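Q: Got a structure here, written out as structure tokens. Questions coming.
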Amino acid sequence: MVDSPWSISKMDYVKQVGLLYSSLFTVDKLIFTMVYGLSTMDSTPPMNKAIQWLRLQLKRSFDRIRNENLKKNALQAIPFWIASVITGLVAVLYTKLFVGAEDLTVLVIKYNIWLLFILSPVCFILAWWLVQRYAPYARGSGIPQVMAAIQVSSPKTIRVVDKLLGFRIIFIKVLSSLVMALGGGAIGREGPTIQIAASVYKIVYQLLPKWWPKIAKRNMMVTGAAAGLAAAFNTPLGGIVFAIEELTKTHFSYYKTAIFSSVIIAGLSAQALLGPYLYLGYPKLDGLSASIFFGVALVAIIAGLAGSGMSKLILFILKLKARFKFKYQHVLYVIGCALAMVFLAIFVNTEVLGSGKEIMQTTLFTSAKYVHWYTPILRIGGPLFSFTTGAAGGIFAPALGAGASVGSLVASWFKVSDIDTNMLILSGMVGFLTGVTRSPFTSVILVLEMTDRHNVIFHLILAGMLASLVSILIDKHSLYDHLKVQYIKELTAVEEAQQPEQVEPRIDP
């Protein structure tokens with residue numbers, strides 16, 4: 001628990017304001033103040049009085065309820081509901097900003113594609129620097145960080161969890177990923193949204209007064225991650241299944257009400273601004289051929305191996321980078337990744353850039369059903385170059401885009417019908433995402449809710465199960481599991497190094 005933000009003295013408030021104004025002279029100090037100082041600023045006395053009056057009125061109204069169990073359950077549910085609304089609003093704002101950044105990249109390409117030689121390296125370096133300077137654990141997807149925070153959460157590990165989830169993480173996660181998207185990075189916003197949502201729930205938990213009925217912080221973080229995925233993809237069932245399958249091993253009955261209500265509220269909050277929408281749309285899947293199951297199996301095996309293989313390459317590159325002793329080595333690597341992306345975009349195809357959603361929409365909803373033979377290679381190389389830089393950015397959407405390209409390519413080999421091609425594309429999406437996450441049911445539910453095509457649920461379950469089985473041939477654990485263990489080891493080592501050495505008292509003979 002933390003003290004109320006209204007308890008800061010007037011003198012502390014003056015100091016904080018002075019710090020804010022003095023920091024305006026440099027960009028570095030400005031970001032530092034926004035990241036480290038914003039949450040500690042006091043409010044004006046009139047606002048303080050208004051909030052105290054509102055609290056008093058609410059308490060009087062609440063005290064009139066005579067059923068004690070009802071009061072306790074309501075108090076325990078309120079933090080989840082408040083955090084759900086905030087998550088939905090933040091997810092919508094983040095979505096609009098991310099789409100805007102990608103649209104700006106498209107405009108630059110249309111104006112003069114050679115400008116990418118300037119834009120991409122600058123954006124990649126800035127995105128990496130923001131993370132390294134202000135929030136090292138805002139790097140990458142964000143899902144492994146949430147998994148690590150859930151696993152280590154306890155009263156003794158508050159500082160460890162604060163490094164994985166919090167206000168700094170939200171601000172830097174959004175800013176770094178937007179800069180990466182502007183530079184053409186092959187990243188997604190879904191993983192970052194999950195870490196952002198878990199941070200929102202954790203912050204709400206910390207603001208609860210000491211007299212509030214006890215709520216498990218681990219349950220808040222799990223529920224936040226589920227709500228974040230639901231708001232990002234507009235897939236409420238996917239968020240629930242993701243929480244059960246990927247994030248926790250705790251018995252579901254302990255927090256099922258919190259997850260269901262939070263996912264619903266977060267999704268409705270997002271829909272209130274974006275409207276009811278599907279992440280992809282309604283691909284035609286009526287009249288599938290009887291033999292399509294063989295194609296689904298083949299695509300699932302290839303996509304599962306490719307997804308697991310890409311994860312293995314990412315881990316291998318990160319292991320090599322861990323040997324870097326000097327900062328200039330990291331800078332040169334980030335610049336090299338940016339230039340590699342630009343070279344591929346200019347001299348091969350711009351399909352290497354972006355999250356990959358355009359490939360999914362093009363192959364599913366236009367007559368251009370078949371991709372080039374090298375497109376899956378580009379869609380695997382793009383996340384490799386982007387994710388390993390150390391900047392913020394997810395891998396959910398890039399994995400779906402890579403899987404769609406695999407399904408489209410296999411369909412071109414056998415010249416199947418457009419409807420069967422759509423089926424193979426969806427199977428590739430499920431297979432590749434399963435190869436990365438090892439969560440077949442989450443992958444199946446996500447793709448089903450993105451397309452609203454429940455008549456192919458058995459086809460997609462087959463794809464998910466086969467991809468999960470073949471992925472084990474490359475690695476027994478998912479990319480997220482490996483990164484989670486890595487983060488826990490890093491944080492544990494840092495905490496142990498910061499602990500003062502205990503010297504045994506000397507006993508004179």
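The values are calculated or read from the model by the stated rules, or taken from the named source; none is laboratory data. Just so it is clear, the structure is predicted and the values come from calculations on it, not from any experiment. Cβ coordinates were reconstructed from backbone atoms using ideal geometry, including for glycine residues, and neighbour counts include every protein chain displayed. For the accessible areas, the whole protein counts, side chains as well, though only heavy atoms, and no ligand, DNA or RNA atoms are used. Shrake-Rupley method; radii C 1.70, N 1.55, O 1.52, S 1.80 Å.
Q: What do you reckon, is Ser153 in contact with a Lys or Arg (Cβ under 9 Å, 6 or more places away or on another chain) and closer than 24 Å to Phe260 by Cα?
A: Numbers: in contact with a Lys or Arg (Cβ under 9 Å, 6 or more places away or on another chain): yes; closer than 24 Å to Phe260 by Cα: yes.
So Ser153 fits the description; yes.
Q: Can you confirm whether Ser367 is of a type outside the set (A, V, I, L, M, F, W, C) and open to solvent by 20 Å² or more (accessible area, probe 1.4 Å)?
A: Yes; evaluated as a whole, the condition is true for this residue.
Q: Still on this model: Go through segment 84-138 and give me each residue that's over 26 Å from Ala226 (Cα atoms), touching a residue at least 40 places away in the same chain (Cβ under 8 Å) and of a type in the set (S, T, N, Q).
A: Correct list: Thr105, Ser120, Gln132.
Q: Checking the structure you have, find out if any residue of segment 412-431 is more than 19 Å from Ile359 (Cα to Cα), more than 21 Å from the chain's Cα centre (by Cα) and not in a helix (DSSP H, G or I).
A: The answer is no; no qualifying residue exists.
Q: Among the residues of segment 323-335, how many are outside any helix (DSSP H, G or I) and open to solvent by 80 Å² or more (accessible area, probe 1.4 Å)?
A: 3
Q: Hey, can you tell me all the residues within segment 375-431 that are among the charged types (D, E, K, R) and either surrounded by fewer than 24 Cβ atoms within 10 Å (Cβ to Cβ) or farther than 23 Å from Ala345 by Cβ (or both)?
A: Once the filter is applied, which keeps residues that are among the charged types (D, E, K, R) and either surrounded by fewer than 24 Cβ atoms within 10 Å (Cβ to Cβ) or farther than 23 Å from Ala345 by Cβ (or both), segment 375-431 yields Lys415, Asp418, Asp420.
Q: While we're here: I'd like to verify a number: residues in segment 163-177 that are part of a helix (DSSP H, G or I) and either touching an Asp or Glu at 6+ places or on another chain (Cβ under 8 Å) or surrounded by fewer than 24 Cβ atoms within 10 Å (Cβ to Cβ) (or both), how many?
A: Going residue by residue through segment 163-177, those that are part of a helix (DSSP H, G or I) are 163-164, 167-177.
Okay, now just the ones that are also either touching an Asp or Glu at 6+ places or on another chain (Cβ under 8 Å) or surrounded by fewer than 24 Cβ atoms within 10 Å (Cβ to Cβ) (or both), so 163, 167-168, 170-171, 174-175.
Number satisfying all stated conditions: 7.
Q: Please work out which residue is farthest from Ile82 (Cα to Cα), limiting yourself to segment 203-226 and to residues that are polar (S, T, N, Q) and either in contact with a Phe, Trp or Tyr (Cβ under 8 Å, 6 or more places away or on another chain) or open to solvent by less than 20 Å² (accessible area, probe 1.4 Å) (or both).
A: Asn219
Q: Would you check if there is a residue in segment 254-272 being more than 22 Å from the chain's Cα centre (by Cα), of a type in the set (A, V, I, L, M), open to solvent by less than 20 Å² (accessible area, probe 1.4 Å) and at pLDDT 75 or above?
A: no
Let's see how each residue does on (1) under 25 Å from Asn349 (Cα atoms); (2) in a helix (DSSP H, G or I); (3) at pLDDT 90 or above; (4) among the polar types (S, T, N, Q):
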site	(1), (2), (3), (4)
Phe98	yes, yes, yes, no
Ile113	yes, yes, yes, no
Leu119	yes, yes, yes, no
Gln145	no, yes, yes, yes
Ile150	no, yes, no, no
Thr157	no, yes, no, yes
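Q: Moving to a separate point now. Kindly provide the set of residues from segment 92-140 that are out of contact with any strand residue (DSSP E or B) (no Cβ under 7 Å at 6 or more places or on another chain) and of a type in the set (Lys, Arg), ordered by number.
A: Answer for segment 92-140, where residues must be out of contact with any strand residue (DSSP E or B) (no Cβ under 7 Å at 6 or more places or on another chain) and of a type in the set (Lys, Arg): Lys96, Lys110, Arg133.
Q: Does Ala338 satisfy being open to solvent by 40 Å² or more (accessible area, probe 1.4 Å) and among the aliphatic types (A, V, I, L, M)?
A: On the way: open to solvent by 40 Å² or more (accessible area, probe 1.4 Å): no; among the aliphatic types (A, V, I, L, M): yes.
Judged against the criteria, Ala338 is not a match.
Q: Just to verify a result, which residue in segment 442-460, among those that are within 16 Å of Ala297 (Cα to Cα) and either among the β-branched types (Val, Ile, Thr) or in contact (Cβ under 8 Å) with a residue 12 or more places away in the chain (or both), is surrounded by the most Cβ atoms within 10 Å (Cβ to Cβ)?
A: By that ranking, first place goes to Ser443.
Q: Would you point out the residue of segment 87-112, among those that are aliphatic (A, V, I, L, M) and within 17 Å of Leu268 (Cα to Cα), that is most open to solvent (accessible area, probe 1.4 Å)?
A: Kept after step one, since they are aliphatic (A, V, I, L, M), are these residues of segment 87-112: 89-93, 97, 99, 101, 104, 106-109.
With within 17 Å of Leu268 (Cα to Cα) added as a condition, the list becomes 89-93.
Details: Leu89: 85, Val90: 47, Ala91: 5, Val92: 6, Leu93: 105 Å².
In this case the residue turns out to be Leu93.
Q: Go through segment 286-321 residue by residue and tally those that are of a type in the set (A, V, I, L, M, F, W, C), open to solvent by 80 Å² or more (accessible area, probe 1.4 Å) and either within 30 Å of Leu130 (Cα to Cα) or assigned to a helix (DSSP H, G or I) (or both).
A: Of the residues in segment 286-321, 4 are of a type in the set (A, V, I, L, M, F, W, C), open to solvent by 80 Å² or more (accessible area, probe 1.4 Å) and either within 30 Å of Leu130 (Cα to Cα) or assigned to a helix (DSSP H, G or I) (or both).
Q: Right, here's the next one. Name every residue in segment 462-501 that is of a type in the set (Val, Ile, Thr), open to solvent by 60 Å² or more (accessible area, probe 1.4 Å) and either in a helix (DSSP H, G or I) or touching a Leu at 6+ places or on another chain (Cβ under 6 Å) (or both), in order of residue number.
A: Across segment 462-501, the qualifying residues are Val485, Thr492.
Q: Kindly check whether there is at least one residue in segment 345-353 that is touching an Asp or Glu at 6+ places or on another chain (Cβ under 6 Å) and within 18 Å of Gly185 (Cα to Cα).
A: Looking through segment 345-353, none of the residues is touching an Asp or Glu at 6+ places or on another chain (Cβ under 6 Å) and within 18 Å of Gly185 (Cα to Cα).
Q: Hey, among the residues in segment 280-296 that are under 16 Å from Met429 (Cα atoms) and of a type in the set (Gly, Ala, Ser), which one's modelled with the lowest pLDDT?
A: Result: Gly281.
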